[in-house]
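Notes for the one structure printed next.
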């Protein structure tokens, strides 16, 4: 394995982590409608929690469908 390939592998792993973190943050913000947890009422917190759970299930379903599609 040459050095260029090793560097590419490392960069791909870092980019994947950064993208994953960004997507998770965006989903969390969308679920909470852009509000911080302290600014939400208890009902809004509950709704945001449900939305996050739903988004998590959707991500899991997407992962499973990609595995099946291989």
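All of the numbers you see were taken from the coordinates with simple rules; none came from a lab. Just so you know, these numbers come straight off a predicted model, no measurement behind them. No Cβ is skipped: glycine too gets one built from the backbone with ideal geometry, and neighbour counts run over all protein chains shown.
General remarks:
- Nearest-ten-degree value, helix 42-68 long axis tilted from longest Cα axis of the chain: 30
- Between residue 8 and residue 59, the C-beta separation translates, for a Förster distance of 25 Å, into a calculated FRET efficiency of about 0.45.
- Rounded to the nearest 500, the helix-only mean residue ellipticity at 222 nm of the chain stands at -28500 deg cm²/dmol, with each DSSP H run of n ≥ 4 adding -39,500 (n - 2.57).
- Between the Cα long axis of helix 3-31 and the first principal axis of the chain there is an angle of about 10°, rounded to the nearest 10.
- Here the extension length gained between residue 40 and residue 25 equals 3.7 nm, from 0.36 nm per residue of separation less the Cα-Cα distance.
- Ranked by how many other beta carbons lie within 10 Å on average, peptides 49-57, 8-16 from highest: 49-57, 8-16
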